[in-house]
Amino acid sequence: MSAVSAEAVTAGAVRSGSDSRPRSGGDGAAPLAPRAKLLPALAAVYRAQLSRARVARIPLLFVATFQSVGIMIMMRGVVDGGDEARAVVAGSSVLVVAFVALNLLAQYFGQLRASGGLDHYATLPVPPAAVVLGAAAAYASFTVPGTAVTAVVGSALFGLPMGHLWVLAAVVPLSGAALAGLGAALGLLAPRQELATLCGQLGMSAALLLGVLPAAHMPAPIAFARDLLPSTYGVEALARSFDARPDWAVVAADLGVCAAVGVVSLAAATWAYRRAAVR
């Protein structure tokens, strides 16, 4: 009987086993699942974020609404009507968007980066834009009831007409996109979670001071800083809608600036997500 070495038997078994399996490539690795398309991935991330944040964020939404209504009640003692009243009501309404879309989203992404949660998303076959847009859309969705309530209460408090409050249907998503992109970028670029929280708080404070206070009484440097704030154009669009005959061309221009800033800020947030995910 001839002896056969163990190495030859093992090599033959491996060759026969490997020859019996279909090859997907030169190294025999199994093919990966195809990357999900943007819209289905975006819808999945949006639903997941919406269900996850519903319980935790609804109390904060009440806080944001109560804060904006309180500011309007306080300003009622020093503002009687006219352009100043329109600015106060519009700024307080958009402040709800800033509180949730900018402040809370900056904290969320800062916490996600600090806790290693980005590693989970990095392993999923979803585009980075879907993660950023899905989270931003979910957080912005929570601002709709509070913004509507604030605008109605402010209009009644200052005696402003409510016939054109349908403009909120454009102001909320466009302002929310601009502020959510900014908040996500701040949270992802901040080196520490505490700094992300601080940046979100400072951004919301800027939206409060520059959006609620009437622009006519601001010094020139402060007015210039107000023009750089993305939410300013949403405030201006909503304030103009309280006129008896709004200039819809100017309103559309303000909303167009909001939309352009939203595209840029969400693109910056997507770039920041990619940068943070690979580290």
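The values are calculated or read from the model by the stated rules, or taken from the named source; none is laboratory data. Since the structure is predicted, the reported quantities are computational estimates derived from the model, not experimental observations. No Cβ is skipped: glycine too gets one built from the backbone with ideal geometry, and neighbour counts run over all protein chains shown. Ligands, DNA and RNA are stripped out before the accessible areas are found, and what is left, the full protein with its side chains, is counted by its heavy atoms. Shrake-Rupley method; radii C 1.70, N 1.55, O 1.52, S 1.80 Å.
Leu165: net charge of surrounding residues, Cβ under 15 Å, Lys/Arg +1, Asp/Glu -1, itself excluded?
Residues close to Leu165 contribute a combined charge of +1.
Could you give the alpha-carbon Rg of the range 155-279 over 2.2 N^0.38 Å, rounded to two decimals?
Values: Rg = 16.2 Å, N = 125, 2.2 N^0.38 = 13.8 Å.
Normalised Cα radius of gyration, the range 155-279: 1.18.
How many angstrom lie between the Cα centre of the range 110-152 and the Cα centre of the range 78-105?
Spelled out, the Cα-based centre of one part sits 23 Å from the other.
What does the charge count near Gly187 come to, summing +1 for each Lys or Arg and -1 for each Asp or Glu among other residues with Cβ under 12 Å from its Cβ?
+1
What FRET efficiency comes out for the pair Ala48/Ala260, r = Cβ-Cβ distance, R0 = 35 Å, nearest 0.05?
So, using R0 = 35 Å, E works out to roughly 0.75.
Leaving ligands, DNA and RNA out of it, report the carbon-plus-sulfur percent of the accessible area of the range 86-143 at a 1.4 Å probe.
59
Once both labels are modelled 7 Å past Cα along the beta-carbon direction, what's the Thr123-Arg275 spacing in nm?
2.6
Run the simple label-point estimate for Asp243 and Met162 please: 7 Å along Cα→C-beta, distance reported in nm.
2.3
Could you give the length gained on full extension between Phe62 and Val78, defined as 0.36 nm per residue of separation minus the Cα-Cα distance, in nm?
Extra length available between Phe62 and Val78 comes to 3.2 nm.
Please compute the per residue accessible area over the range 210-279 with all protein chains in place, 1.4 Å probe, rounded to a whole number of Å².
Accessible area per residue: 51 Å².
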